[in-house]
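Down below is the structure, laid out as structure tokens.
The values are calculated or read from the model by the stated rules, or taken from the named source; none is laboratory data. Bear in mind that the values here come from a model prediction, so they are computed numbers and not experimental data. Cβ placement follows ideal geometry from the backbone for every residue including glycine, while neighbour counts extend to all protein chains displayed.
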């Protein structure tokens, strides 16, 4: 396999990642391009799309890392950091955020460093899953609803693992936008983003069940993201334009859920005793304000995956 | 006081001395300083129902009857609290919620009326109850037939199951996803609360002994509902919840009742039910704002709980009914039942801080549902405990006999103490009763004499529970374990329901056998008490009674 580092195309910068093809560079109205010129133009367009997709994956991984950073800071502070390992996700997510954020704007640290940071984030996330499962299992009642509700959230470290994984993907996309770990890049990203959405929706489902779905809006994150995940997975399996369009709509809606969720959770915080006047306590007590943007991060990665599939199929 | 020129004197807002529910408005319990409109009736209006008491029985019934279109005036001797403004985190101050009027207690085991068996507030004792909301074991409704003790209720458990559901939804009970005992029940409206350390000790003990345990279904919110925020685990539940997370009658049934057109009269002590020459109730004589008044009513419902209900019926004696109203069976005031409330206490090495959160977050009903291995009739549940500091020092002083330096030393261990406490079924005995003393209270009404003695079965149940809980506490790792042998809670059974006018005071509809427009709707009607807290059952009976009244009215049989 040849590894090709493609040149950056200035035209791509600032263009929406939400499926619009950027304007083809060069060419005037009266000139009919020849075959070679058309190929160059198509190549340039593909390069731009791939570049953009890579950055979008960084953005998605960064949003995930930010969500994990804020959420674990809040929740582990609530847990008084009684186990020293509870600092690990904060450190790891901070590093992941610090590397993904600049990469979103094109600035890249050395690849091995980036790769190491993302690998560490993934490893911390996986270890966190183990810690949280242990925390649940050691309580009276073991694997019970009560412990799933109130012990360490079983699926939360999953988001950090995903952030690390997608960060590594983004790093590698910079070298080869067609394949990742030997798999077709777009499809692998689509499949994992779909899996991530399902996992995140399951976590929201569990915790919203704990809240007895007392607000009808609590059903949104357990309906829209799974539908989007299904469409994204289907689009990964079958390269049909209609499926991709539907997946794109679903992912945009999922991203909106991730953004709106912050507002809903803030509203939830305000419904605790003392409302915003008692913010320091209610932020800890109420629904986790930083959690919903996980959906935004995963939706961005799903959209990037669609763009990559389109670009690579072109 | 002489008014100062230019200064407007505002009327007193002391709810203990000045009624709040007057002039077409009642306190809005959800908004500080706000009011909610209230329909008002004049004393001369013959309302459909005059209800005496606004607790679990009277409050729920007032709401349902008003929603069915009946005109309702509900009286309560207690104040109309605004929990957000009137309640503080202070045990002594909050004793204002208890019914501490003068009473005479006697018998072999004299009761201690007060904090855990009565209340004097609009909303009744649900304003300070521990929120434990349990259904009866189905067999208890036919205890005589199926279990061989006590009496059968004239109610079918399957019908009660639907009314339990209605109450659980109204109170938005936060309970376990699946309940380990009894027939299948619908999921509780809200999820269970997180267990505190005291509840985890109960769980550890139960698991060590191989018996099931559960998060307790509680009438305090685990998620927001309407204008009530979720519980913040202050742990002041039994002295009155100041956040409105507790779903008391004051916050649930009564706002609905007001909306449906009921009138609630606070600081209104009903002293007598009047009747006409035909032996039908004509209304109630009540004391409010310094004078006696008379409210005309087509029906009177007595819902004053197991001491005040028989007291009122007995105090309403007349030439036609010299032994008191509804008392041709001679059973008014008899068969007073408490529930045993003994505990086992110990110390844990780790910090427990049992007072954080609702006091009884975990329980086991094992000995309510298991009939083998018992040398007694009836059953008991036991629950984790979280006594507040003044209450705890009282227990140490009164029950363990500690005083001076010993008491101070024991209080140093407050954060490490842990306990398990039963709600145990006591048997109905006619000798346990409420009668009238010759002394009178500040209203000039004869005060009640409350006579109570355990029977051998009660003592065997208590001994069994103390021995079992001691083993459970040891298994959980507690040390310095000791028994609190003398405590009771909940009062029931002084106007029992039944199928036979000779052996009961009211029928299944809570209607007095002797006076067809007189009803009793509270814990007094229980023929047996079971081993669970009674508030849910009282409210379920009230819901059923309301439905029956609606049906009877439609048939012209009211």
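Among residues belonging to region B:242-257 that are crowded, with 24+ Cβ neighbours inside 10 Å and more than 22 Å from residue B:356 (Cα to Cα), point out the one that is nearest to the other protein chains (Cβ to nearest Cβ).
B:251
Condition first: away from chain B (no Cβ under 14 Å), part of a helix (DSSP H, G or I) and closer than 21 Å to residue A:157 by Cα. Can you find one or more residues in region A:304-311 that meet it? I'd like the intermediate steps shown before the answer.
Step one: filter region A:304-311 for residues away from chain B (no Cβ under 14 Å), giving A:304-311.
From the residues that got through so far, the ones that are part of a helix (DSSP H, G or I) too are A:304-311.
When the remaining residues are screened for being closer than 21 Å to residue A:157 by Cα, the result is none.
No; the residues of region A:304-311 include none that is away from chain B (no Cβ under 14 Å), part of a helix (DSSP H, G or I) and closer than 21 Å to residue A:157 by Cα.
Among the residues of region B:183-205, what is the count of those that are within 8 Å of chain A (Cβ to nearest Cβ), closer than 28 Å to residue B:348 by Cα, touching a strand residue (DSSP E or B) at 6+ places or on another chain (Cβ under 6 Å) and not in a loop (DSSP other than H, G, I, E, B)?
Restricting attention to region B:183-205, the residues satisfying the condition of being within 8 Å of chain A (Cβ to nearest Cβ) are B:189-192, B:194-195, B:200, B:203-204.
Subsequent filtering for residues that are closer than 28 Å to residue B:348 by Cα retains B:192, B:194-195, B:200, B:203-204.
Narrowing further to those that are touching a strand residue (DSSP E or B) at 6+ places or on another chain (Cβ under 6 Å): B:192, B:195, B:203.
Going one step further and asking which of them are not in a loop (DSSP other than H, G, I, E, B), we end up with B:203.
Total satisfying the criteria: 1.
Pull up region B:209-241, narrow it to residues that are touching a residue at least 60 places away in the same chain (Cβ under 8 Å) and under 17 Å from residue B:82 (Cβ atoms), then point me to the one that is farthest from the other protein chains (Cβ to nearest Cβ).
At the first step, the residues of region B:209-241 found to be touching a residue at least 60 places away in the same chain (Cβ under 8 Å) are B:209, B:211-220, B:226-228, B:231, B:233-241.
Subsequent filtering for residues that are under 17 Å from residue B:82 (Cβ atoms) retains B:226-228, B:236, B:239-241.
Working: B:226: 10, B:227: 9, B:228: 9, B:236: 12, B:239: 17, B:240: 15, B:241: 10 Å.
Top of the filtered list is B:239.
I need the helices (runs of 4 or more DSSP H) fully contained in region A:207-287, keeping only those with at least 2 residues that are within 14 Å of another protein chain (Cβ to nearest Cβ). Break it down stepwise before answering.
Values: elements: A:224-237, A:241-270, A:279-285.
In region A:207-287, A:241-270, A:279-285 are the helices (runs of 4 or more DSSP H) which contain 2 or more residues that are within 14 Å of another protein chain (Cβ to nearest Cβ).
Name the one entry in A:199, A:186, A:195, A:175 that is in contact (Cβ under 8 Å) with a residue 12 or more places away in the chain, surrounded by fewer than 16 Cβ atoms within 10 Å (Cβ to Cβ) and away from every other protein chain (no Cβ under 14 Å).
On the way: A:199 fails: surrounded by fewer than 16 Cβ atoms within 10 Å (Cβ to Cβ); A:186 fails: surrounded by fewer than 16 Cβ atoms within 10 Å (Cβ to Cβ); A:195 fails: surrounded by fewer than 16 Cβ atoms within 10 Å (Cβ to Cβ).
Residue meeting the stated conditions: A:175.
Could we say that residue B:473 is over 23 Å from the mean Cα position of the chain (by Cα) and crowded, with 22+ Cβ neighbours inside 10 Å here? Spell out the reasoning first.
Values: over 23 Å from the mean Cα position of the chain (by Cα): yes; crowded, with 22+ Cβ neighbours inside 10 Å: yes.
For residue B:473, the condition - over 23 Å from the mean Cα position of the chain (by Cα) and crowded, with 22+ Cβ neighbours inside 10 Å - is met.
Any chance region A:290-302 includes a residue that's within 14 Å of chain B (Cβ to nearest Cβ) and part of a helix (DSSP H, G or I)? Break it down stepwise before answering.
Pass one, region A:290-302, residues within 14 Å of chain B (Cβ to nearest Cβ): none.
No, region A:290-302 contains no residue that is within 14 Å of chain B (Cβ to nearest Cβ) and part of a helix (DSSP H, G or I).
Do we have residue A:149 as in contact (Cβ under 8 Å) with a residue 60 or more places away in the chain, touching a helix residue (DSSP H, G or I) at 6+ places or on another chain (Cβ under 6 Å) and within 14 Å of chain B (Cβ to nearest Cβ) here? Walk me through it before giving the result.
On the way: in contact (Cβ under 8 Å) with a residue 60 or more places away in the chain: yes; touching a helix residue (DSSP H, G or I) at 6+ places or on another chain (Cβ under 6 Å): yes; within 14 Å of chain B (Cβ to nearest Cβ): yes.
In short, yes.
Taking region A:157-181, which residues are more than 19 Å from residue A:126 (Cα to Cα) and not in a loop (DSSP other than H, G, I, E, B)?
A:170, A:171, A:172, A:173, A:179, A:180 - these are the residues of region A:157-181 that are more than 19 Å from residue A:126 (Cα to Cα) and not in a loop (DSSP other than H, G, I, E, B).
Let me spell it out: the conditions are (1) more than 23 Å from the chain's Cα centre (by Cα); (2) within 13 Å of another protein chain (Cβ to nearest Cβ), and residue A:134 meets all of them except one. Which number is the exception?
Of the numbered conditions (1) more than 23 Å from the chain's Cα centre (by Cα); (2) within 13 Å of another protein chain (Cβ to nearest Cβ), the odd one out for residue A:134 is (2).
One residue is enough: does region B:310-318 have a residue meeting the conditions modelled with pLDDT of 95 or more, more than 27 Å from the chain's Cα centre (by Cα) and assigned to a loop (DSSP other than H, G, I, E, B)?
yes
If you go through region B:55-84, how many residues are outside any loop (DSSP other than H, G, I, E, B) and touching a strand residue (DSSP E or B) at 6+ places or on another chain (Cβ under 9 Å)? Before the answer, list the steps.
Our first condition is that a residue be outside any loop (DSSP other than H, G, I, E, B); within region B:55-84, this holds for B:56-67, B:72-75, B:83-84.
Remaining after also requiring touching a strand residue (DSSP E or B) at 6+ places or on another chain (Cβ under 9 Å): B:57-59, B:61-63, B:65-66, B:72-75, B:83.
The number of residues fulfilling the criteria is 13.
So which residues in region B:512-556 are under 23 Å from residue B:74 (Cβ atoms) and free of Cβ contacts under 8 Å to residues at least 24 places away in the same chain?
Selection gives B:551, B:554.
Only one of these is in a loop (DSSP other than H, G, I, E, B) and surrounded by fewer than 17 Cβ atoms within 10 Å (Cβ to Cβ): B:503, B:528. Name it. So that I can check it myself, show each step before the final result.
Details: B:528 fails: surrounded by fewer than 17 Cβ atoms within 10 Å (Cβ to Cβ).
None of the others qualify; the one that does is B:503.
Being in a helix (DSSP H, G or I) and away from chain A (no Cβ under 14 Å) is the filter here; which residues of region B:155-182 pass it? Reasoning before the result, please.
Of all residues in region B:155-182, those in a helix (DSSP H, G or I) come to B:157-170.
Of everything in region B:155-182, those that are in a helix (DSSP H, G or I) and away from chain A (no Cβ under 14 Å) turn out to be B:157, B:158, B:159, B:160, B:161, B:162, B:163, B:164, B:165, B:166, B:167, B:170.
For residue A:119, state whether it is under 13 Å from the mean Cα position of the chain (by Cα), in a helix (DSSP H, G or I) and touching a residue at least 24 places away in the same chain (Cβ under 8 Å). Lay out the reasoning, then the answer.
Numbers: under 13 Å from the mean Cα position of the chain (by Cα): no; in a helix (DSSP H, G or I): yes; touching a residue at least 24 places away in the same chain (Cβ under 8 Å): yes.
No, not satisfied.
Which of the residues belonging to region A:243-290 are more than 25 Å from the chain's Cα centre (by Cα) and within 26 Å of residue A:303 (Cβ to Cβ)? Reasoning before the result, please.
Within region A:243-290, the subset more than 25 Å from the chain's Cα centre (by Cα) is A:270-282, A:285.
Selection gives nothing.
One line per residue, one yes/no per condition, for (1) farther than 23 Å from residue A:149 by Cβ; (2) buried (at least 21 other Cβ atoms within 10 Å of the Cβ); (3) modelled with pLDDT of 95 or more; (4) in contact with a helix residue (DSSP H, G or I) (Cβ under 6 Å, 6 or more places away or on another chain):
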position: B:137; (1), (2), (3), (4): yes, yes, yes, yes
position: B:140; (1), (2), (3), (4): yes, yes, yes, no
position: B:145; (1), (2), (3), (4): yes, no, yes, no
position: B:152; (1), (2), (3), (4): yes, no, yes, yes
position: B:157; (1), (2), (3), (4): yes, no, yes, yes
position: B:163; (1), (2), (3), (4): yes, yes, yes, yes
position: B:179; (1), (2), (3), (4): no, no, yes, no
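If I ask for residues that are touching a strand residue (DSSP E or B) at 6+ places or on another chain (Cβ under 6 Å) and under 19 Å from residue B:431 (Cβ atoms), which ones from region B:310-338 would you list?
Of everything in region B:310-338, those that are touching a strand residue (DSSP E or B) at 6+ places or on another chain (Cβ under 6 Å) and under 19 Å from residue B:431 (Cβ atoms) turn out to be B:310, B:311, B:314, B:333, B:334, B:336, B:337, B:338.
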